[in-house]
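Chemist: Sharing a structure, written as structure tokens. Questions coming.
The values are calculated or read from the model by the stated rules, or taken from the named source; none is laboratory data. A quick note: this is a predicted structure, and the numbers were derived from the prediction, not measured. Reconstructed Cβ throughout: ideal geometry from the backbone, glycine too, with neighbour counts over all protein chains shown. Accessible surface areas use protein heavy atoms only, side chains included; no ligands, DNA or RNA. Shrake-Rupley method; radii C 1.70, N 1.55, O 1.52, S 1.80 Å.
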Amino acid sequence: FCIMRQIVLLGNQRGRESCSLDEKTSHYLINVRRMRKGDSFEAVDEAGSRFSCTIVSDDSHAVKLEIKPIRFSRSLVGTPLNKAEEDKAKPSVAPTLHIALVQALPKGHKFDLIIRQAVELEVELIVPLITQHCVEQEPPERAKAKLERRKRIIREAIQQSGSFVYTEILSAANLETLDAALNAKGFNKRDSVRILFHESEKEESQALHLLLSGDKDRVVLAIGPEGGLSQNDCAAFIDLGFALHHARGPVLRVETAAAFAISAVRAIVFERGLWKV
């Protein structure tokens with residue numbers, strides 16, 4: 001079992017006073033962490049709400065909890081499951097930056113890695129995207145199963161990383177439905193910075209520092225597939241308000257590009273107050 005830095009309660013627990021844990025998490029608490037009836041800890045549910053939890057039944061197959069909602073400052077939320085981890089805990093940077101990742105579907109299991117890395121980097125929203133050169137497709141009959149699998153990956157990554165942002169992932173969109181999907185989640189064109197990371201250098205490529213020099217705290221990052229973006233794709237992104245940026249250097253693999261883009265934006269935004277003109 002991997003170390004769980006925090007527990008995730010399944011579903012939306014708001015308004016409830018008790019809940020049960022799944023067998024895997026129950027086994028972890030009772031047999032690995034040696035927690036027992038009466039022990040308490042904090043947890044997050046899949047809707048992002050946090051709770052103070054007390055074990056009322058320590059059955060290692062189905063731990064039952066009494067839960068109470070916590071009102072918290074998002075600058076420092078949650079308590080690790082033991083003192084050693086608490087000493088290492090640092091305030092989350094989430095309140096000052098909200099990132100949405102629009103990722104064109106890559107082949108195979110590469111998307112699993114991208115999702116895990118995005119969770120660790122406190123991405124708030126992930127939108128899988130089907131573009132012209134995507135090898136991977138999303139057949140309607142498999143869409144629901146794929147979405148549930150991706151949600152499970154997010155849940156496990158949040159438990160293992162201790163991220164204080166509960167990452168949401170949507171069903172796959174296309175360039176015709178992308179704007180509506182982003183708008184519905186608060187990442188509209190007017191209030192967010194939208195950036196398309198392009199694999200080749202173009203005249204209209206803009207510097208990240210210039211794109212992020214304003215005071216907007218919502219950023220949408222778009223990454224293409226292994227086959228690159230077509231001219232039609234780029235034109236559609238531009239129509240949706242995306243500015244183009246090309247990172248100089250070797251061409252990155254799709255899973256590397258996503259982590260690079262998120263990390264670069266985080267570093268620039270969080271040090272914006274230190275810039276010297």
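Chemist: Grab every C-alpha pair in the range 144-211, bin the distances at 5 angstrom width from 0 up to the longest one, and report whole percents.
Modeler: Pair shares across the bins are 3, 12, 15, 16, 19, 20, 10, 5, 1.
Chemist: While we're on this one: Past 32 Å, Cα to Cα: identify those pairs from Lys64/Lys216; Lys68/Lys110; Lys68/Lys189; Lys151/Lys216, in the order given.
Modeler: Pairs exceeding 32 Å: Lys64/Lys216; Lys68/Lys110; Lys68/Lys189.
Chemist: A further question on this structure: How much mean residue ellipticity at 222 nm does the chain get from its helices, if each DSSP H run of length 4 or more adds -39500 (n - 2.57) and you divide by all residues, to the nearest 500 deg cm²/dmol?
Modeler: Theoretical 222 nm ellipticity from helices: -8500 deg cm²/dmol.
Chemist: If you don't mind, there's one more thing I want to ask. Cβ neighbours within 10 Å, averaged per peptide: list 253-261, 57-65, 115-123 in order, most packed at the top.
Modeler: Taking the mean over residues of other Cβ atoms within 10 Å, the ranking is 115-123, 253-261, 57-65.
Chemist: Let me have the relative contact order for the chain, percent, based on Cα pairs under 8 Å that are six or more residues apart.
Modeler: Averaging sequence separation for qualifying contacts and normalising by length gives 18 percent for the chain.
Chemist: May I pose another question? Given a 1.4 Å probe and every protein chain left where it sits, what share in percent of the accessible area of the range 144-262 is carbon and sulfur?
Modeler: Solvent-exposed carbon and sulfur of the range 144-262 make up 48 percent of the total.
Chemist: Okay, moving on. Over the chain, with the other protein chains present, what is the accessible area per residue in square angstrom, probe 1.4 angstrom?
Modeler: Here the per-residue accessible area is 52 Å².
Chemist: In the range 147-213, with Lys and Arg counted as +1 and Asp and Glu as -1 at Cβ, which of these residues, His198, Tyr166, Leu211, has the Cα nearest the positive end of the dipole, that is, farthest along it?
Modeler: In the range 147-213, that residue is Tyr166.
Chemist: For the chain, with a Gaussian network of springs between Cα atoms less than 10 Å apart, report the residue from Glu124, Glu156, Glu204 with the top mean-square fluctuation.
Modeler: Glu204
Chemist: Continuing with the same structure: Tell me the angle of helix 254-270 to the major Cα principal axis of the chain, expressed in degrees between 0 and 90 and rounded to the nearest ten.
Modeler: 80
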